[in-house]
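Asks: Before I ask anything, let me first share the structure, which is written out below as structure tokens.
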Amino acid sequence: MTSLLVLLEAVAGLGLGYLGAGIGAGLAAIGAGLGIGKIGEGAMEGIARQPEAAGNIRSTMIIAAALVEGVAFFAVVVCLLIALK
């Protein structure tokens, strides 16, 4: 708790909106990375179990990863718009 207060005092001149936007953008990027990693993990496991279905699994994996990436990009843009306000 003390470290949070020190951090808030350090950025008091910038305003809490900038701090929140930065943390939000970082969390969105981390969440997208974890989500795409889990998608890749599941796809590789599925391909290892059924190699004949590799094409279908790969295309489904790419679509799911693109959707996760799009949501993360949208979140980062919203955070940047808040920071520029």
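Asks: Here is a check on your reading of the model: is Ala29 closer than 30 Å to Gly17 by Cα and either in a helix (DSSP H, G or I) or open to solvent by less than 60 Å² (accessible area, probe 1.4 Å) (or both)?
Replies: So Ala29 fits the description; yes.
Asks: From the list Glu69, Glu41, Glu52, which residue is assigned to a helix (DSSP H, G or I), open to solvent by 90 Å² or more (accessible area, probe 1.4 Å), over 25 Å from Ala29 (Cβ atoms) and not basic (Lys, Arg)?
Replies: Being assigned to a helix (DSSP H, G or I), open to solvent by 90 Å² or more (accessible area, probe 1.4 Å), over 25 Å from Ala29 (Cβ atoms) and not basic (Lys, Arg) holds for just one of Glu69, Glu41, Glu52, which is Glu52.
The values are calculated or read from the model by the stated rules, or taken from the named source; none is laboratory data. Small disclaimer: the values here were computed from a predicted structure and weren't measured. Cβ atoms come from the backbone with ideal geometry, glycine included; neighbour counts cover every protein chain shown. We work out accessible area using only protein heavy atoms, side chains counted, and drop any ligands, DNA or RNA first. Shrake-Rupley method; radii C 1.70, N 1.55, O 1.52, S 1.80 Å.
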